1. Of all residues in the range 54-96, which are more than 30 Å from Y164 (Cβ to Cβ), more than 17 Å from the chain's Cα centre (by Cα) and open to solvent by less than 40 Å² (accessible area, probe 1.4 Å)?
2. Inspect the range 68-83 for any residue being over 24 Å from A10 (Cα atoms) and of a type outside the set (S, T, N, Q) and give the result as yes or no.
3. Return the pair list, or none, for Cβ contacts closer than 6 Å from residues in the range 7-34 that are open to solvent by less than 40 Å² (accessible area, probe 1.4 Å) to residues that are polar (S, T, N, Q) and in a helix (DSSP H, G or I), at least 6 apart or on different chains.
4. Quickly run through the range 147-169 and pick out the residues that are out of contact with any Leu (no Cβ under 6 Å at 6 or more places or on another chain) and among the hydroxyl-bearing types (S, T, Y).
5. Please verify whether the range 97-108 includes one or more residues that are open to solvent by 60 Å² or more (accessible area, probe 1.4 Å), in a helix (DSSP H, G or I) and either closer than 26 Å to L147 by Cβ or of a type in the set (A, V, I, L, M) (or both).
6. Say whether the condition of being closer than 29 Å to N30 by Cα and β-branched (V, I, T) is met by at least one residue in the range 61-77.
7. Considering only residues that are in a helix (DSSP H, G or I) and of a type in the set (V, I, T), which ones fall in the range 143-186?
8. Being modelled with pLDDT under 95, out of contact with any Asp or Glu (no Cβ under 8 Å at 6 or more places or on another chain) and not charged (D, E, K, R) narrows it down to one residue among I32, I94, I55, I24; which is it?
Amino acid sequence: MNRNIVLSFAAKLLYGLHWFSPVILLYFQNVIGLSVKEFFFLQAYFNFCVFVLEIPTGYIADKISRKLSLFLSGLCACVGLYVMHIAYGIGHVIVAETLLALHVALNSGAFESLFYDYHDKDADKSLSKNYTRNLSYFNNVYLVGILASTLLGSVMAAYIGLDYIYLLTLITAVGATGCVYFMADV
């Protein structure tokens, strides 16, 4: 299989590993010290930021480079997860949530478009025949990452410590960003 396709699958899986997802409210309450009301405000703020950032970040992917968009997405994820790991107040969490929203917006659609480009630009056209099947696998591998982290995130938080759950997610995001770095730009 094509090196870029393998790196795409690996990055998509690693981006799906949100180890914090089953314990995010506990993290915000017990580690950062936020209230439930502040937690829900931050979740609304995150979704609003993703909505607002979709068009400008889409311009980067469509007009400049899909790989650049994905790489910047990975950098935003890494910095955002690190800020969340060291956050000790709502101000830090707002910065982290903004960076994580930028990560989602930069990633939105760019991954699938670059994946299509790898199939479309394949020299012997063996990949382009399997694009639909590969795209379903590609999207499912992300869901497998989400499922695994949802099931295991709380166990990891219990044994490793709630304080380190964003750090663990940062490690997987660094791996995903590394995969994107080594992917070709088409």
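1. Selection gives S65 alone.
2. The first filter runs over the range 68-83 and keeps only residues over 24 Å from A10 (Cα atoms), leaving 83.
After this cut, where a residue has to be of a type outside the set (S, T, N, Q) as well, the list is 83.
Looking through the range 68-83, at least one residue is over 24 Å from A10 (Cα atoms) and of a type outside the set (S, T, N, Q).
3. Going by the 6 Å Cβ cut-off, the qualifying pairs are L17/S149; L17/T172; W19/S149; W19/T169; F20/T169; V23/S154.
4. Once the filter is applied, which keeps residues that are out of contact with any Leu (no Cβ under 6 Å at 6 or more places or on another chain) and among the hydroxyl-bearing types (S, T, Y), the range 147-169 yields T150, S154, Y159, Y164.
5. no
6. So in the range 61-77, the residues closer than 29 Å to N30 by Cα come out as 73-77.
This time we only want the ones that are β-branched (V, I, T), so: none.
Looking through the range 61-77, none of the residues is closer than 29 Å to N30 by Cα and β-branched (V, I, T).
7. Taking the range 143-186 first, the residues in a helix (DSSP H, G or I) are 143-160, 162-181.
Once the filter is applied, which keeps residues that are in a helix (DSSP H, G or I) and of a type in the set (V, I, T), the range 143-186 yields V144, I146, T150, V155, I160, I165, T169, I171, T172, V174, T177, V180.
8. Values: I32 fails: modelled with pLDDT under 95; I94 fails: modelled with pLDDT under 95; I24 fails: modelled with pLDDT under 95.
Going through I32, I94, I55, I24 in turn, just one is modelled with pLDDT under 95, out of contact with any Asp or Glu (no Cβ under 8 Å at 6 or more places or on another chain) and not charged (D, E, K, R): I55.
The values are calculated or read from the model by the stated rules, or taken from the named source; none is laboratory data. Nothing here was measured: the structure is a model prediction, and the numbers come from that model. Methodologically, a virtual Cβ is constructed for each residue, glycine included, from the backbone with ideal geometry; neighbour enumeration extends over all protein chains shown. Note: accessible area is taken over every heavy atom of the protein model, side chains too, but ligands, DNA and RNA are not part of it. Shrake-Rupley method; radii C 1.70, N 1.55, O 1.52, S 1.80 Å.
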